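Colleague: Below is one structure. I have some questions about it.
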Amino acid sequence: MCLRISSAALLVALTACGAQSPPPPGDIVDCAIGAGAELSPVCTLELVAGTQEIVIHHPDGGFRRLSRDLATGSLAPLDGAEPLVPEPVESGALQFVIGADRYSIPPDLLEPVQP
């Protein structure tokens, strides 16, 4: 009897883990997650309220936390992440690489929200 109760509890726990959570709040931006991936609009850019931090959410649940310098417009990874390497682009977007992941963010999405 104890084994059946434990098995049922485990099944309920595993089912709950498979449930999809709602998408994070923010704007959709282009990213290419992993080596060889093409840029596509599948990541979400979240501006963290009351800070100069942003979070880029990956479609697989991963994310990158970055700080932004309002004076220079530059971004820097947080939490001991790999270095951010800017990429020059003609479109005006802020494009950069962190590890094997690439990102392209329109600059207007990084402007501070006016109260």
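The values are calculated or read from the model by the stated rules, or taken from the named source; none is laboratory data. The model shown is predicted, which means the values in this text are computed figures rather than measured ones. FYI the Cβ positions are ideal-geometry reconstructions off the backbone, even for glycines, and counts take in every protein chain you see.
Colleague: Applying the selection to region 44-76, what residues are over 25 Å from Pro22 (Cα atoms) and not hydrophobic (A, V, I, L, M, F, W, C)? Spell out how you get there, then give the answer.
Modeller: Initial filter on region 44-76 (over 25 Å from Pro22 (Cα atoms)): 68-76.
Within region 44-76, Arg68, Asp69, Thr72, Gly73, Ser74 meet the criteria.
Colleague: Any residue in region 57-68 that is part of a loop (DSSP other than H, G, I, E, B), in contact with a strand residue (DSSP E or B) (Cβ under 7 Å, 6 or more places away or on another chain) and under 15 Å from Leu109 (Cα atoms)?
Modeller: No; the residues of region 57-68 include none that is part of a loop (DSSP other than H, G, I, E, B), in contact with a strand residue (DSSP E or B) (Cβ under 7 Å, 6 or more places away or on another chain) and under 15 Å from Leu109 (Cα atoms).
Colleague: Next question. Can you give me the number of residues within region 64-115 that are under 20 Å from Ala37 (Cα atoms) and among the acidic types (Asp, Glu)?
Modeller: 3
Colleague: Considering only region 24-71, state which residues are at negative phi, in contact (Cβ under 8 Å) with a residue 24 or more places away in the chain and loosely packed, with under 14 Cβ neighbours inside 10 Å.
Modeller: Passing the criteria: Ala35, Ala37, Pro59, Asp60, Gly62, Leu70.
Colleague: Determine if region 57-65 includes at least one residue that is among the basic types (Lys, Arg), under 14 Å from the mean Cα position of the chain (by Cα) and farther than 18 Å from Asp30 by Cβ. Lay out the reasoning, then the answer.
Modeller: Filtering region 57-65 down to residues among the basic types (Lys, Arg) leaves 64-65.
Then keep just the ones that are under 14 Å from the mean Cα position of the chain (by Cα); that gives 64-65.
Then keep just the ones that are farther than 18 Å from Asp30 by Cβ; that gives 65.
Within region 57-65, one or more residues are among the basic types (Lys, Arg), under 14 Å from the mean Cα position of the chain (by Cα) and farther than 18 Å from Asp30 by Cβ.
Colleague: If you don't mind, another one. Out of the residues in region 80-115 meeting the condition of being small (Gly, Ala, Ser) and in contact with a strand residue (DSSP E or B) (Cβ under 7 Å, 6 or more places away or on another chain), tell me which one is modelled with the lowest pLDDT. Explain how you work it out, then say what you get.
Modeller: Pass one, region 80-115, residues small (Gly, Ala, Ser): 80-81, 91-93, 99-100, 104.
Subset that is in contact with a strand residue (DSSP E or B) (Cβ under 7 Å, 6 or more places away or on another chain): 81, 93, 104.
On the way: Ala81: 68, Ala93: 88, Ser104: 96.
It comes out as Ala81.
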